[in-house]
Amino acid sequence: MFSIIITCYNEGLELRKAVESIRNQTYTDYEIIVVKDFSDHAETLQVCRELEQEGIQVLYAEKNVGVSITRNMGIAEAKGDYIYTVDGDDELPVDALEHIARTFEENPSADVVFGNYELIESESNRVVDCSILVDSNNQLRIDKFFTCRILPYGQNATRREVAIQYPLAIAYSFGCQDYELQIRMLKSGVKFVHSPHVLYRWYKKPTGINSSQRNAESLDMCMYEHRDFVAPYIGHRYLLQLCKQNRDSDSYRKYFAQYAPRWCQWARILPFRLMTKFGRFVK
């Protein structure tokens, strides 16, 4: 059985569309749990009350806590074997759960199933093909994850025991929470398997969390937190800049020794402030 966790804030009638996209699935063994982040958005609250009357479990956050906490709230209540998180303004294609269930059945060692997704933005839409990220066994490659500039979208189907073991980080509640979770999972050897089907419809909005300055700041925080893991795959000058921003002289010296040209290695002996001036020579 699937537990579909829908998190919402002020999506209004779009929340109803998200729910209906699940009710229309060809695979029918699921439960729906809606988690309402705190806001006084009347239309969204009305839809939530109606969904409760229709037998859907709705959880309410007592204050604005963000995506990580609301998803974790839903996962804690889930009864299904697999967890699939959906944003309140997005949708699932009609056969998404059927394809996911088949992929788990065919790959019994898989911890997470991800697929392609439809990106709908302004007046355009396109399918993002994530097959470029995988190896010959359809498993996610770490190097491709960081270098292909295509992400397996965060709403992936996860075995319940894995989702419980890897909750979303509270520090990233308002940005980059999916990306940080995937990095943490990859560091621990969690197995991601690709399904060659469109499993999600993402309605990307210019005012969405992924477009905010806070999300960009969260990405920097994520890269710095996991700096040793991501170092081989990201721009080394960017890595040094993150260490400088966080006044981490030890990490800066370590990466400078690894990536600076040989001719300026001597700069490691300089005081931190002076050494950072040579960071521009690192590629």
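The values are calculated or read from the model by the stated rules, or taken from the named source; none is laboratory data. Please read these numbers as outputs of a predicted model, since none were measured by experiment. Don't worry about glycine lacking a Cβ; one is built from the backbone with ideal geometry, like all the others, and counts go over all protein chains shown.
What the table shows:
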quantity: Filter result for Tyr84 (buried (at least 21 other Cβ atoms within 10 Å of the Cβ) and out of contact with any Cys (no Cβ under 8 Å at 6 or more places or on another chain)); calculated: yes
quantity: Index of the failed condition, Phe229 passing every other in (1) in the same structural domain as Ala101 (by TED's automatic domain parsing); (2) among the aromatic types (Phe, Trp, Tyr); (3) under 30 Å from Pro108 (Cα atoms); calculated: (1)
quantity: Test: residue in the range 140-154 that is of a type outside the set (Asp, Glu), under 18 Å from Asp87 (Cβ atoms) and in contact with a strand residue (DSSP E or B) (Cβ under 6 Å, 6 or more places away or on another chain); calculated: yes
quantity: Evaluation of Met185 against (1) modelled with pLDDT of 95 or more; (2) assigned by TED's automatic domain parsing to the domain that holds Asp111; (3) more than 30 Å from Arg126 (Cβ to Cβ) (one fails), failing number; calculated: (3)
quantity: In the range 93-149, the residues that are closer than 22 Å to Ile183 by Cα, small (Gly, Ala, Ser) and in a strand (DSSP E or B); calculated: Gly115
quantity: Options Ala76, Ala18: the member that is assigned to a helix (DSSP H, G or I), in the same structural domain as Asn116 (by TED's automatic domain parsing), modelled with pLDDT of 95 or more and surrounded by fewer than 18 Cβ atoms within 10 Å (Cβ to Cβ); calculated: Ala76
quantity: Residue list for the range 231-273, filter: assigned to a helix (DSSP H, G or I), hydrophobic (A, V, I, L, M, F, W, C) and surrounded by 13 or more Cβ atoms within 10 Å (Cβ to Cβ); calculated: Leu239, Leu240, Leu242, Cys243, Phe256, Cys264, Ala267, Phe272
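Residue-wise test of (1) buried (at least 18 other Cβ atoms within 10 Å of the Cβ); (2) closer than 26 Å to Tyr9 by Cα; (3) under 15 Å from the mean Cα position of the chain (by Cα).
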residue	(1), (2), (3)
Ser136	no, no, no
Phe145	yes, no, yes
Pro152	yes, yes, yes
Leu168	yes, yes, yes
Tyr172	yes, yes, yes
Glu180	yes, yes, yes
Lys191	no, no, no
His194	yes, no, no
